[in-house]
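Undergrad: Could you have a look at this structure, given as structure tokens, before my questions?
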Amino acid sequence: MTEMKDDFALVTRAGEAARASYGMPLAVLAELTHRCPLQCPYCSNPVELETSRAELTTAEWCRVLGEMAELGVLQIHFSGGEPLVRKDLEQMVAHATEVGLYSNLITSAVMLTRERLSRLYDAGLSHVQISFQGAESMVADRVGGFAKGHAKKLEAARWTRELGLPLTVNAVMHRQNLHQLAGIIEMSVELGADRLEVANVQYYGWALKNRAALMPTRAQLEETTRIVEEAQARLQGVLAIDYVMPDYYALRPKQCMGGWGRQFFNISPSGKVLPCHAAETITGLDFASVRDHSLEWIWHNAEALNRYRGTDWMPEPCKSCDFKEVDFGGCRCQAFALTGNAANADPACVKSALHESLFQLADTEAETGSERFLYRNFSGGVPES
Ligand code: FES
């Protein structure tokens, strides 16, 4: 570790002011790798993927897991890319268990075997979250760009429940699979899932390239809200369903990541600490690395975490808004993607000058956008044939 006294001199006044407005991180998303067998058109990994050569080693991850526990982190989400690509995942889960972290595996599950899941269970894995791209193979395998993937996921979900592990179904929804939402809810119940996340695509990074192919129509949204509300009432105590209105059609922005640098951070495969998984889409931010600093130093002092922490950085209309400590100005990555300045109000907010044009854009793209995806993989963009 190369912590220098001088580093402390770099703590900005903004950082000091922000310090009063955040607590300790409760959860961390560890992106073990950007490698992934799927080719989802809404992939949330950065447009510039990190190579396997740049990835943190097992020893580095284990050290960082220890630092997380010391910092007060409770939950570690092992994610990617596809975390199962890492052959040392069992070692990392075992170490997380040893230092007292609750570990969640966020996986596409297409590479999972019964034996590997048992080994992860024996290492202390506490929870499994499997992504689904639809309710049946025809749609799901096309969206993920992976043949027979849906059947593999169903199998892995059953193994998860056989082992007694809690299961969350994560379904990323968009115009081309929303018609299967009712089926996804029933599938989740049949699989014995505890929770279903109905996650709308977020349009930054790679998803921005496919926005016109993914944007839902207004009619779909109305139907989605009706289906979700009916299922939430009917399945109380059986299946918890999380759902948030998609940003482009919302009146108020969401509190993204629980507020920038307030209770969460993300670690990239090479060790960069990010306030959220998409923060690298914002140009001009400098991200500290766990290879150079302790997590404790980074949490309190890193420039990227302090830049939009709290409310002191806000310009109008956020600055004088009654909701500024409720939504913290919405999503910085979306503000940057749509306005070119991450400090601007998130256009998802009705107070943003761009709100109305955003709504119109969503409406137009949903009605006229092409259905063809631009898949993403390590060799770049692959147009759907
Ligand atoms: Fe980065 Fe919302 S995704 S702040």
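Undergrad: Express the relative contact order of segment 75-147 as a whole percentage, based on alpha carbon pairs under 8 Å and six or more residues apart in sequence. List each step's numbers first, then the result.
TA: Details: 88 pairs, mean separation 22.9, N = 73.
Reported relative contact order: 31 percent.
Undergrad: What's the longest uninterrupted piece of the chain once you rule out the GluC sites (Glu not before Pro) that are loop residues per DSSP with at most 15 other Cβ within 10 Å?
TA: 137-370
Undergrad: Taking a cut-off of 25 Å between Cα atoms, list the lysines near Lys153, but don't count ones fewer than 8 places away on the same chain.
TA: Output for Lys153: Lys87.
Undergrad: Still on this structure, I have one more. Share of segment 263-385's accessible area from carbon and sulfur, percent, 1.4 Å?
TA: On the way: 2610 of 5070 Å².
In segment 263-385, the share of accessible area belonging to carbon and sulfur is 51 percent.
Undergrad: Right, next: Rounded to whole Å and ordered largest first, report the semi-axes of the equivalent ellipsoid of segment 72-144 derived from its Cα gyration tensor (root of 5λ).
TA: That gives 25, 13, 10 Å for the three semi-axes.
Undergrad: Which residue, Ser118, Ser270, Ser126, tops the fluctuation ranking in a GNM of the chain built on C-alpha contacts under 10 Å?
TA: Ser118
Undergrad: Cα centroid distance between segment 48-83 and segment 279-354, in Å?
TA: About 23 Å separates the Cα centre of segment 48-83 from the one of segment 279-354.
Undergrad: Over 40 Å apart: what share of the alpha carbon pairs of the chain falls there, rounded to a whole percent?
TA: Value for the chain: 12 percent of Cα pairs lie more than 40 Å apart.
Undergrad: Please state the equivalent ellipsoid semi-axes for segment 102-193: what are the square roots of 5 times the Cα gyration tensor eigenvalues, largest first, in whole Å?
TA: Ellipsoid half-lengths, sorted descending, are 23, 13, 11 Å.
Undergrad: Each residue of segment 343-351 in turn: what ³J(HN,Hα) in whole Hz from Karplus with 6.51, -1.76, 1.60 and θ = phi - 60°, glycine and Pro shown as x?
TA: So the J values, rounded to whole Hz, are 7, 5, 4, 4, x, 5, 8, 4, 7.
Undergrad: Note down the relative contact order for segment 105-207 as a percent, whole number, built from C-alpha pairs under 8 angstrom at least six residues apart.
TA: 28
Undergrad: Now, a different point. Projecting each Cα onto the charge dipole of the chain (Lys/Arg +1, Asp/Glu -1 at the beta carbon, about the Cα centre), which of Ser352, Phe265, Ala171 comes out farthest on the positive side?
TA: Ala171
Undergrad: Any lysines with Cα under 26 Å of the Lys319 Cα? List them, leaving off those in the same chain fewer than 8 positions away.
TA: Hits, sequence-local ones excluded: Lys254, Lys351.
Undergrad: If you don't mind, there's one more thing I want to ask. So which trypsin sites (Lys or Arg not before Pro) in segment 95-146 end up in coil per DSSP with only 13 or fewer other C-beta atoms within 10 Å?
TA: none
Undergrad: Tell me the trypsin sites (Lys or Arg not before Pro) within segment 261-300 that lie in a loop according to DSSP and have at most 14 other beta-carbon atoms within 10 Å.
TA: When the trypsin sites (Lys or Arg not before Pro) of segment 261-300 are filtered for loop state and at most 14 Cβ neighbours within 10 Å, Arg291 remain.
Undergrad: Once each part is reduced to its C-alpha centroid, what is the distance from segment 228-265 to segment 105-129 in angstrom?
TA: So the two Cα centres are separated by 26 Å.
Undergrad: Right, here's the next one. Taking H placed 1.01 Å from N in the peptide plane, check which residues at least 5 places from Tyr375 or on another chain put their amide H under 5 Å from its amide H.
TA: Result for Tyr375 returns Val382, Glu384.
Undergrad: Using a Gaussian network model of the chain with C-alpha springs under 10 Å, which one of Met173, Met111, Met138 is most mobile by mean-square fluctuation?
TA: Sorting by GNM fluctuation, first place goes to Met138.
Undergrad: What does the charge count around Glu190 come to, taking other residues whose C-beta lies under 15 Å from its C-beta (Lys +1, Arg +1, Asp -1, Glu -1)?
TA: Numbers: positive: Lys153, Arg158, Arg161, Arg195, Arg234; negative: Glu136, Glu155, Glu162, Glu186, Asp194.
Here the count lands on 0.
Undergrad: Here's a follow-up. In the chain, which helices (entire DSSP H runs) extend 18 Å or more along their own long axis, judged by Cα positions, while averaging at least -1.0 on the Kyte-Doolittle scale?
TA: Result, helices passing both filters: 58-71, 355-368.
Undergrad: For the chain, give me the percentage of DSSP beta bridges that are antiparallel, rounded to the nearest 5 percent. All intermediate terms of the calculation are to be shown ahead of the outcome.
TA: On the way: 7 of 39 bridges.
Around 20 percent of the beta bridges assigned by DSSP in the chain are antiparallel ones.
Undergrad: Would you check the accessible area of Leu71, probe 1.4 Å, heavy atoms only, in square angstrom rounded to 10?
TA: 10
Undergrad: Determine the relative contact order of segment 10-156: mean sequence separation of Cα pairs under 8 Å and six or more apart, normalised by residue count, in whole percent.
TA: Values: 219 pairs, mean separation 35.4, N = 147.
Reported as a whole number, the value is 24 percent.
Undergrad: Now for a separate question. Of the candidates His174, His95, His34, which one comes out as most mobile in a Gaussian network treatment of the chain with C-alpha springs shorter than 10 Å?
TA: His95
Undergrad: Next up: With a 1.4 Å probe and every protein chain left in place, tell me how much accessible area Phe323 has, in Å² to the nearest 10.
TA: Its accessible surface works out to 90 Å², give or take rounding.
Undergrad: Specify whether the C-alpha gyration tensor of segment 304-385 places it in the rounded, prolate or oblate class, a ≥ b ≥ c being the square roots of the eigenvalues: rounded for a/c under 1.5, otherwise prolate if a/b is larger than b/c and oblate if not. List each step's numbers first, then the result.
TA: Working: a/c = 3.70, a/b = 1.70, b/c = 2.18.
Note, shape of segment 304-385 comes out oblate.
Undergrad: Which value, in Å to one decimal place, does the Kirkwood hydrodynamic radius take for segment 288-352 when every pair of different Cα atoms is included?
TA: 12.8
Undergrad: Would you mind counting up the charge near Ser270? Only other residues with Cβ under 15 Å from its Cβ, with Lys and Arg at +1 and Asp and Glu at -1.
TA: -2
Undergrad: Near Val99, within a Cβ-to-Cβ distance under 14 Å, what is the net charge of the other residues, with Lys and Arg +1 and Asp and Glu -1?
TA: Local charge sum for Val99: -2.
The values are calculated or read from the model by the stated rules, or taken from the named source; none is laboratory data. Not measured: the values here are computed from a predicted model. Ideal geometry is used to build each Cβ from the backbone, glycine not excepted, and the neighbour counts take in all protein chains shown. Quick note on the areas: whole protein, heavy atoms, side chains included, nothing else; ligands and nucleic acids left out. Shrake-Rupley method; radii C 1.70, N 1.55, O 1.52, S 1.80 Å.
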